[in-house]
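Nothing in this text is a laboratory measurement; each read-out follows from the coordinates by a stated rule. In this text, all values refer to a predicted model and were calculated from it rather than measured experimentally. Here the Cβ positions follow ideal geometry from the backbone for every residue, glycine too, while neighbour counts run over all protein chains shown.
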Amino acid sequence: MSQRKWVCRFVSLALLTLIISSPRVWADCISETLPPLCPGDLVFIESTSTQSEMLRVATQSKWTHVGMLMLNAKREWTVAEASMKVTETLLREFIRKGVRHHFSIRRLRKSACKTGYNQEATVPPESARLNSQIRTQFERYRNKSYDLWFKLYQEPAAAKMAETTVVSPRLPEDKFIYCSELTYRIGRTVFGVSIGTEQTFSELLGVKSLEELERAKGKSSVLNTMRARFKDPRQFNFEAPVVTPISQFESSEVADVLTCEKPL
């Protein structure tokens, strides 16, 4: 057999193996190992969106997108997420959007849901009540556009209002929402806890201005993303507070339920 034919056969076999194995791994992660879940569980994935590389460099983490679990009218697990808009996505489809279908699910320690629900039994009363509360908050934000500027508070005065040692049940209203801001806001209202830590991009990136970012090493992807997304990147506020997915993932307020990082 010629070397060229051998290479072609090898590549074809590799592609066939990938196609065949992908559904099997998907079944391993979803159908076989998915435990009983609770409304309010956080689901993390490695996003493929344009801002994911910016967040990956800034946070040094692959978990760049997060949403919150809810049950729909058909008792299917869905994810409340802020993508292009705040929307509701079936759990399976949400995970499919992640790189290599990797995901992690974490539960709030203060959740009233203790036993979880596996979609084969009757929804426990505490889960039904919790789901109703989460849905009420979700509907407040549904269809709001994604916040490209990552502003947790739209106005400085609003940020001042939110500074308190006691967790405020409700943050000032916001016209635009990013992913971890949505889960942060619902977490404060429904569970009375702040999921994640408020940080600034200057803390995350180690720079305080666009000029410093241009001179920084290893930050070119962040700079390129900002130039592509904003007409004037100089207006980006490096000192504005932001809550990142990884800060929620590492929060002391949550505990691990399941992390699936099996190779395809």
Mind listing the phi-derived Karplus ³J(HN,Hα) values for segment 177-187, rounded to whole Hz, using 6.51, -1.76 and 1.60 with θ = phi - 60°, and x for any glycine or proline?
-> 9, 9, 4, 6, 5, 4, 5, 5, 5, 5, x
Using the number of other C-beta atoms within 10 angstrom as an exposure proxy, rank CYS260, CYS113 with the fewest first.
-> CYS260, CYS113
Find how much the distance from ARG229 to LYS114 grows on full extension, using 0.36 nm per residue of separation minus their present alpha carbon separation; answer in nm with one decimal.
-> 37.2 nm
Considering Cα pairs under 8 angstrom that are at least six residues apart, work out the relative contact order of segment 177-264 and quote it in whole percent.
-> 41
Under a plain spin-label model, where a point goes 7 Å from the Cα along Cα-to-Cβ, how far apart in nm are ALA255 and GLU126?
-> 1.1
Would you mind ranking TRP77, TRP63, TRP149 so that the residue whose beta carbon has the fewest other beta carbons within 10 Å leads the list?
-> TRP149, TRP77, TRP63
Entries in LYS62/LYS144; LYS144/LYS217; LYS97/LYS219 that, when Cα-Cα distance is taken, lie over 31 Å | LYS144/LYS217
Classify segment 81-147: rounded, prolate or oblate, from the alpha-carbon gyration tensor (a ≥ b ≥ c, eigenvalue square roots; a/c under 1.5 rounded; otherwise prolate if a/b is larger than b/c)?
-> oblate
Going from the fewest other Cβ atoms within 10 Å to the most, one would list TYR153, TYR178, TYR117 as TYR153, TYR117, TYR178
